[in-house]
Amino acid sequence: MTISEKLYTHANLITSPFYLKNDGRHDLRHRDTVTTRGQAFVNIATEEVSKRSVFIGTMYHDIAHHINPKKHEEISAQICEDDKGLRRFFSHDEIIQICQGIEDHRASLDGDPRNTIGKIISSADRRVCMTDFLESTYTYRLTNSPEFDLQKIIDDSYLYTLKKFGNDGYANDKMYFPDLEYSAFLQQIKAMTTDKDLFISNYLQMVNNYHKNQVSTTSINDLCLNIN
């Protein structure tokens with residue numbers, strides 16, 4: 001089955017306002033990246049799975065992140081289930097399967113997702129760029145822990161990275177499909193969990209580049225305001 005223009009229009013219309021309220025780690029760009037990666041995994045899945053169901057699962061998977069980051073998967077699934085517009089495209093059982101996939105997509109989930117949709121969303125949601133991952137840990141702490149100075153942000157980010165990707169990291173086995181990009185990322189990030197000096201060096205470089213980009217963006221915005 002292909003994704004119809006009507007289904008795409010509906011999903012985009014419903015989800016976009018939610019993602020515009022999310023932080024930079026879970027914005028529209030993230031939604032679209034996960035959705036694209038999800039469709040790629042559909043093509044190599046050994047179990048039969050609907051492209052349409054995976055499409056909706058990836059589009060809706062993080063819509064509630066701004067509401068409650070720690071429980072966003074449950075709230076996102078509930079919003080998806082409550083979207084009466086989806087009933088024009090899916091049966092009740094299909095919507096339940098999609099919502100289970102959304103609920104199960106987090107890397108910190110105990111065990112594996114209950115269905116293939118969940119495995120695809122979880123795999124598609126993995127970050128494959130080291131700089132992107134480090135920036136996400138930085139911006140999250142800037143937003144949620146404004147009392148942290150840079151040293152505290154780095155230390156806390158390192159502990160988080162260690163917990164997620166260290167020897168016993170909970171995210172190490174949360175990729176369910178072959179993905180060369182993720183394999184390369186995992187090798188790179190694991191090297192930094194065993195060498196904190198390397199982690200700090202990469203982190204400081206990311207912070208420097210991040211603020212350079214912020215300054216550039218601000219300057220462009222100011223220029224546009226002055227012109228108008």
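Protein heavy-atom surface of the stretch 69-228, 1.4 angstrom probe: 49% of the accessible area is carbon and sulfur, with nucleic acids and ligands not counted. Per residue, the stretch 1-40 exposes an accessible area of 59 Å² to a 1.4 Å probe, with every protein chain left in place. Put simply, the Cα atoms of the stretch 128-207 extend 40, 24, 22 Å along their principal axes, the longest span coming first. If you take all other residues with their beta carbon under 12 Å from the beta carbon of residue 3, and give Lys and Arg +1 and Asp and Glu -1, the sum is +2.
For the stretch 54-123, the Kirkwood estimate of the hydrodynamic radius, built from every pair of different alpha carbons, is 11.7 Å.
Within straight-line reach of residue 6, meaning a Cα separation under 25 Å, sit the following lysines at least 8 residues removed in sequence or on another chain: 21, 51, 84. Working note: Cα atoms of the chain, range along each principal axis, descending, whole Å: 53, 51, 29. Kindly list the residues of the stretch 172-203 that lie in the label zone of residue 155, defined by a backbone N under 20 Å from the point 7 Å along the Cα-to-C-beta vector. Under cut-off, by backbone N: 193-203.
Here the contact order of the stretch 1-114, divided by its residue count and restricted to Cα pairs under 8 Å and six or more residues apart, works out to 24 percent. Listed by chain and number, the aspartates and glutamates whose alpha-carbon sits under 18 Å from that of residue 212, ignoring those within fewer than 8 places in the same chain, are 132, 135, 222.
Which of the GluC sites (Glu not before Pro) found in the stretch 1-96 are loop residues per DSSP with 10 or fewer other Cβ atoms within 10 Å of their Cβ? Before the final figure, lay out each step's value.
Working: sites: 5, 47, 48, 73, 74, 81, 94; in loops: 47, 48.
Passing both the DSSP loop test and the Cβ count: 47, 48.
A crude spin-label estimate for the pair residue 142 and residue 84, with each label 7 Å from Cα along the Cβ direction, gives 4.2 nm.
The values are calculated or read from the model by the stated rules, or taken from the named source; none is laboratory data. Bear in mind that the values here come from a model prediction, so they are computed numbers and not experimental data. Because the Cβ atoms are built from the backbone with ideal geometry, glycine has one as well, and the counts that use them run over all protein chains shown. Accessible surface areas use protein heavy atoms only, side chains included; no ligands, DNA or RNA. Shrake-Rupley method; radii C 1.70, N 1.55, O 1.52, S 1.80 Å.
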